[in-house]
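Read the structure below first, then the notes.
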Amino acid sequence: MSDKEEMASDGSLNVTLTLRLLMHGKEVGSIIGKKGETVKKMREESGARINISEGSSPERIVTITGPTEGIFRAFSMIAQKFEEDITAAMTNSNVTSKPPVTLRLVFPGSQCGSLIGKGGSKIKEIRETTGAQVQVAGDMLPDSTERAVTISGTPQAITQCVRHICSVMLESPPKGATIPYRPKVIPAGTHAVLAPQHSAQAFAIPGQYAFAHQDDWMHLPPQVHKSWQYLMILLAA
């Protein structure tokens with residue numbers, strides 16, 4: 001989150017923001033596109049800067065910087081692209097129910113209490129207002145003071161949700177120094193699969209997540225229930 005803050009002519013808040021997204025390699029490939037054409041178009045049409053961390057890690061950090069409306073346009077375009085990927089993947093699968101688009105943002109842990117609100121009131125309000133699902137990870141990301149905030153829903157709901165989250169985060173700046181999360185390289189051939197392997201109901205959408213059938217959640221260990229986002233991640237090398 002950042003500093004330049006003023007009121008736009010229509011009365012809305014006009015702020016320069018920097019937001020960080022955590023993506024898997026296939027998701028990154030989707031937004032980069034062939035010869036970088038997709039991300040170039042996103043940059044040009046949104047007016048936001050979109051930078052992708054280097055390296056061969058299965059996870060990458062995508063940093064989006066710009067004025068508020070540019071940020072929201074960039075998020076809308078990314079969510080729409082993932083929606084298209086899900087639709088395309090479903091045409092060649094037996095899956096009948098369409099999973100939501102899912103994005104993971106990364107925020108300083110010191111800000112997450114404000115996002116949750118007293119007794120969960122703020123996060124409940126955001127869910128009800130936008131129609132998106134919002135989950136804040138219980139634990140810090142490895143070797144950092146940041147936590148993942150997972151948003152799921154339609155592209156429209158996700159964009160509205162990001163607007164609300166940004167408003168909350170701007171009102172509650174981070175406290176103290178932030179140690180940013182930097183994804184680590186996982187050796188080739190290593191797979192981390194946390195959807196129940198015995199379940200025929202678990203399925204993968206390229207670049208998105210593996211969703212386990214609800215009945216199978218009961219078979220997962222309690223520590224997995226505690227951190228919701230780990231329940232649904234499928235890392236494919």
Note, the stretch 75-89: 3J(HN,Hα) by Karplus (6.51, -1.76, 1.60, θ = phi - 60°), whole Hz, Gly/Pro = x, goes 5, 4, 5, 5, 4, 5, 5, 5, 4, 5, 4, 5, 4, 5, 5
Checking rank on 52-61, 148-157, 170-179, with mean other Cβ inside 10 Å and highest first, the result is 148-157, 52-61, 170-179
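Throughout, read-outs are computed from the coordinates displayed, never taken from laboratory work. What you are looking at is a predicted structure, and each value in this text was computed from that prediction instead of being measured. FYI the Cβ positions are ideal-geometry reconstructions off the backbone, even for glycines, and counts take in every protein chain you see.
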